[in-house]
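A.B. asks: Can you read through this structure? Questions will come right after.
The values are calculated or read from the model by the stated rules, or taken from the named source; none is laboratory data. Here the structure is a predicted model, which means the values were calculated and not measured. Here Cβ is always computed from backbone atoms with ideal geometry, including for glycine, and neighbour counts include all displayed protein chains. Quick note on the areas: whole protein, heavy atoms, side chains included, nothing else; ligands and nucleic acids left out. Shrake-Rupley method; radii C 1.70, N 1.55, O 1.52, S 1.80 Å.
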Amino acid sequence: MNVAVLASGTGTNLQALLDHAHGRNGVRLVAVVSDRPGAQALDRARGAGIEVQTFERDRFSDRAARDRAVADWLRERGVELVVLAGYMQLVSSEFLAVFPDRVINVHPSLLPAFPGLGPIEQALDYGVKVFGVTVFFVDGGVDTGPVIMQRAVELPDARESTAVLERLHGIEHELLVEVVFAIARGAVSFDPVNPRRVVIAR
Ligand code: GRF
């Protein structure tokens, strides 16, 4: 399965996929896209010999045009699964239609709690005792798509977002690799009775 990663930032999730998924169990990272030319994720990809491309928002008339260009570039590379890993752009419904049920995202909260920006800060402000990570299929909303896998961690004394983020990053990296492998082996489907419910064959 040919995989692309879209990332805007440091790219630790990309690195986890490079280190633990790329070249194993039929998974191949073939392309990395960013909206930011200076993203550290691009350096990680180049270092691993993966083809990269930057699509800056202001080079295109609108988001739809930018997403068409991204989708075309990914299709030319035979991409079958798109992983959003800290990609700070919303993807359009036209983009999702090119890769139906094949765009996934990772978010550092137990969705539907704390969607959108600053989920860890939102959780700390709320005073939760249990934090977590969600990997989900992207739909037209903001962090609203069907949940593929979630993992929780009890942090009753958490105060600092950087410490929580560090803890959650480790979980994100594991979960994302697990989900990519599960999709690659054809083990992920939707419950016909409740299509919101993602089923993973063990
Ligand atoms: C992760 O926390 C991910 O959950 C969120 O953006 C962050 C990206 O981190 N969507 P990195 O660039 O993979 O280190």
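A.B. asks: Taking loop as defined by DSSP and a crowding limit of 13 other beta carbons within 10 Å, which GluC sites (Glu not before Pro) in region 111-202 fit?
C.D. replies: Working: sites: GLU121, GLU154, GLU160, GLU166, GLU172, GLU174, GLU178; in loops: GLU160.
Sites meeting the loop and neighbour criteria: GLU160.
A.B. asks: Could you give me the percent of Cα pairs per 5 Å distance bin for the chain, shortest bin first, beginning at zero and ending with the bin that holds the maximum distance?
C.D. replies: Percent of Cα pairs in each bin: 1, 7, 16, 20, 21, 17, 11, 5, 1, 0.
A.B. asks: I would also like to ask the following. Run the dipole for the chain about the Cα centre, Lys and Arg Cβ at +1, Asp and Glu Cβ at -1, nothing else charged, and hand back the magnitude in debye, nearest 20.
C.D. replies: Numbers: 21 positive and 25 negative charges, 93 e Å.
Computed charge dipole of the chain: roughly 440 debye.
A.B. asks: Normalising by the residue count of region 16-97, find the relative contact order in percent from Cα pairs under 8 Å and 6+ residues apart. All intermediate terms of the calculation are to be shown ahead of the outcome.
C.D. replies: Values: 74 pairs, mean separation 21.6, N = 82.
Across region 16-97, relative contact order equals 26 percent.
A.B. asks: Moving on. Suppose we keep just the DSSP beta bridges with both residues in the chain; what percent of those would be antiparallel, to 5? The partial results should precede the final answer.
C.D. replies: Working: 15 of 31 bridges.
So the antiparallel bridges in the chain amount to around 50 percent.
A.B. asks: Roughly to the nearest percent, how much of the accessible area of the chain is carbon and sulfur, given a 1.4 Å probe?
C.D. replies: Working: 4870 of 9840 Å².
The C+S portion of the solvent-accessible surface of the chain is 49 percent.
A.B. asks: Moving to a separate point now. Which one, LEU29, LEU117, PHE137, is farthest towards the positive end of the dipole of the chain when Lys and Arg carry +1 and Asp and Glu -1 on their Cβ?
C.D. replies: LEU29
A.B. asks: Using just the helices of the chain, give the 222 nm mean residue ellipticity in deg cm²/dmol: DSSP H runs with n ≥ 4 each add -39,500 (n - 2.57), and the total is spread over all residues, rounded to 500. Show your work: numbers first, answer last.
C.D. replies: On the way: 6 runs with 69 residues, N = 202.
The helix-only estimate for the chain comes to -10500 deg cm²/dmol at 222 nm.
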